[in-house]
Each structure stands twice: as C-alpha cells, then as structure tokens.
Amino acid sequence: MDNIIERALDLSPILARKSVFLFGPRQTGKSTYLAHKYPDSPCYSLLQAGTYLDFSRDPARLGRELAAADVAGRPVIIDEIQKLPALLDEIHLLIEKQRIKFILTGSSARKLRKAGVNLLGGRAAKVTFHPLTHRELGEEFDLDRALQYGTIPSVWRSAQPWEDLKDYVDTYLREEIMAEGLSRNLPVFSRFLETAALCSGQMINFAKIGSDAQVAHTTAYEYFQILKDTLIAYEVPPFRRTVKRKAIATAKYYFFDNGVTRYLQGRDRLTRQDADFGTALESYCHHELKSFADYHRLPEVYYWRSASGFEVDFILNGNIAIEIKSTRHVNAHDLRGLKALAEEKMMRDYLLVSLDKGRQVWDGVTCLPIEDFLRELWEGKYRLL
C-alpha cells in the first residue's frame, strides 16, 4: 500500500500561462503530489527553519539561487508561502523579469491577505487541493469508509483512523489556529468548532451557532471566516435565479472532510441504518463535486431552496441539478425538489443519486446509483456548460 495515488488535478494547462497558488488543508497531499509530478523542480519549504531564516533575512537570495540553478522550463515550488508573505515581492519580480513559473503552496491565504499582499496581481491562479476522491482511489474506494473516516490520505490508509483524526484536529488547532494567531481564545474556538461541525450541510444561523457555542453572533461569524480561510469549511451559496418559486438567500456550509466532521461531532460509528447516514452521504458528495469543480476550473457549486421549502442539494455548472438520497428504493416523494426546480426550465439535467442499485428515468429525472454518478462525474459527463 506504499504506492503513490495518482491525483486528478492537472496543473499543466495553468502553468502554460501563469504561476499557481495551490492552497489546501493540511495533510491533503500537496507536497507529495508536487514531488511526484515535478521531481526535477527546485523546491523550498518554509517549514524548514534554515530556509525560512535565509529568505526572511534576504528575500533577494531566491533570485540569486534560481539564477545559479537554471530553472528554464521547470516550475519553482515554494511550500507554505503564507509563512513568509514578504517573499512574494521577490517572486513577483522573478515572474515579471525572468518569466519564471512558481507553484506556491499553503493551507491558508488569510495571513497573506492580512499582510496586505496582492497575491501577485493576477499573475498566479488560485487552485484548491482536496482530500482523495473516488476517481483517485479507484479500486480502493469504499463508500462506507469514506463516509465514516473521510479521505485524507494518511487517514485513509491508517490502521487506526480514529486516532489519526484526533491527531489531525489537535494539529489543526495547535498549528493553524494558535500558531498563526487566528484566535486568542483556543478553548472557546475549540468549542465553536464542535458546534459548527454539527451544523455541517445546514443553512447557517450565526445567532443560534453563537448561542450554542457560547459566543457572540459576531464572533461566530468571524470564526466561520477562519474556517473558510483555512479551507476547513466551504460555503455553498444559494442559487437564486428562479422566477416561479422565490429562492432563499442563506448559504450553507460543509466541512472539507467527512472524517474530520464526524470526529468533531463525536460520532465514531456509522451504519447505513443510522439517522445521520443521509447527511454523511450528502456531505461526501459535496466533497466530490467541489473537488471536481475546482480541479476543472468550473463555476462554484450551488444549492437551491425555495421559500416554500422545496430543495435541491447541489447545482453543478449552473445547469446540472443533483439531489442526494440515502434510500435503497427511490420513490415519487424523492423527486419533489427536482420537479419543482424543473418548472423553471433552467437546467440541462436533473439527477437523483441514491443507494438504489437500479437506474431509471422518472418524470424527466435520471435516477442512478451513487457509484455510477461518481464514475460518470469524473469521466466528464456533467462537465459541459
């Protein structure tokens, strides 16, 4: 099981035009991916004390080293760029004057923005890196394991995934939050994190979250911004272009990984009979859709909910409506949200994804098994705009 998992992300089309900011949560495999894809590229890790000190004292040293290395045709990798925002000025000059392409990795853009850095003024594309996907896991894929423990690479192949999830959460709180000074009160933020995890996949009411976490609603809002900036949670905006049925304007949030979510929720067991299995399935499908959209530079994923209560879990590309159900036997009631949205005549496809093993078309809705959907998604069937 030591073999490298081929990741679905291809940076080549972007690097042909410009440099790349590759942001992603910790331990999702950014460094492994880059070492595998670009073994001959110069690589500097700002986690290494010597490298950090050298460049913090003398940022221009980077240009001198690269001139000596002759990097023509190879991207230069700078790992954990948020540790030293001042280095971006030197990188900017090297892009402009020497046309060097950079891949700049990090787990958060928050510190860069706080430092007033312009993120190279459009000279670098921002790409998000995610935990493992169905496409990448191939024959290793196990839906039940993915829903319970998530797909962070080190956790996926662990003999003790729950213990590794505990270590992951502890590391996130210690290194990402405390070390970066993002929250002055770690115990309070830790309590908020557990409360927020219980709301993953729901429309967020900051006043209620604040009350449950025993913080002001303004603090709850700021804490959610920290989760977004450190890529622990993603906002799913509402699709609001419907006319016949008024759409609500409240966003939903999903945590980036099922395993992390369930650890924070304190739910260490999951069976297909559990009441929260459907929520876990929906959350995992968001991970797949978000990963696919980010890797293929597609518009963000939306969801739709009418003021009268009809809802569709996800909208991909602005024209693929997707409802996720944990049922083993699809029935007419499961189609309600999709059929309500279909009245607007705005979507190209309407998909009901479930645990039902059969495939059928019902009142214009394609009902298909979860495995079929994930395979077809990564094959590009739902990519065309």
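The values are calculated or read from the model by the stated rules, or taken from the named source; none is laboratory data. Being a predicted model, the structure only gives us computed values, none of them experimental. Heads up, the Cβs are rebuilt from the backbone with ideal geometry, glycines too, and the neighbour counts pull from every protein chain shown. Note: accessible area is taken over every heavy atom of the protein model, side chains too, but ligands, DNA and RNA are not part of it. Shrake-Rupley method; radii C 1.70, N 1.55, O 1.52, S 1.80 Å.
Between H333 and R297, what is the label-to-label distance in nm when each label sits 7 Å out along the Cα-to-Cβ direction? It is 4.5 nm.
The share of alpha-carbon pairs in the chain lying farther apart than 39 Å comes to 20%. With θ taken as phi - 60° and the Karplus curve 6.51 cos²θ - 1.76 cosθ + 1.60 applied, the whole-hertz 3J(HN,Hα) list for segment 163-176 is 5, 5, 5, 4, 4, 4, 4, 4, 5, 4, 5, 6, 8, 7 Hz, x standing for glycine and proline. The trypsin sites (Lys or Arg not before Pro) found in segment 273-380 that occupy coil by DSSP, while having at most 16 further C-beta atoms within 10 Å, are R297, R328, K345, R348, K357, R359.
Of all lysines in the structure, the ones whose alpha carbon falls short of 29 Å from that of K37, not counting any fewer than 8 places away in one chain, are K18, K83, K97, K101, K111, K126, K228, K290, K381. Database remark: amide H of K126 closer than 5 angstrom to the amide H of F21 (H placed geometrically; neighbours at sequence offset of 5 or more, or on other chains; Pro and chain starts carry no H). Ratio of Rg to Rh for segment 230-385: 0.94 [Cα atoms; Kirkwood radius as inverse mean 1/r over pairs].
One Cα centroid belongs to segment 206-233, the other to segment 323-355; the line between them spans 32 Å. Accessible surface area normalised per residue over the chain is 45 Å², counting heavy atoms of protein chains with a 1.4 Å rolling probe. The aspartates and glutamates within cross-link reach of K166, meaning a Cα-to-Cα straight distance under 17 Å and a gap of 8 or more places when in the same chain, are E175, E176, E194, D257, D268. The fraction of accessible area contributed by carbon and sulfur in the chain is 48 percent, rounded to a whole number (1.4 Å probe; ligands and nucleic acids excluded).
Applying both filters, DSSP loop and at most 13 other Cβ atoms within 10 Å, to the trypsin sites (Lys or Arg not before Pro) of segment 48-157 gives R99.
Measuring nothing but how far apart in sequence close Cα pairs (under 8 Å, 6+ apart) lie, relative to its length, the chain scores a relative contact order of 13 percent.
Using alpha carbons only, the radius of gyration of segment 44-161 set against its Kirkwood radius gives Rg/Rh = 1.08. In segment 14-140, Cα pairs under 8 Å separated by at least six residues give a relative contact order of 41 percent. Normalised Debye scattering of segment 1-96 at q = 0.11 Å⁻¹ gives log10 I(q)/I(0) of -0.35, counting only Cα atoms as equal scatterers and leaving out solvent. The simple spin-label model puts a point 7 Å past each Cα toward its Cβ; for R241 and Q48 those points are separated by 4.8 nm.
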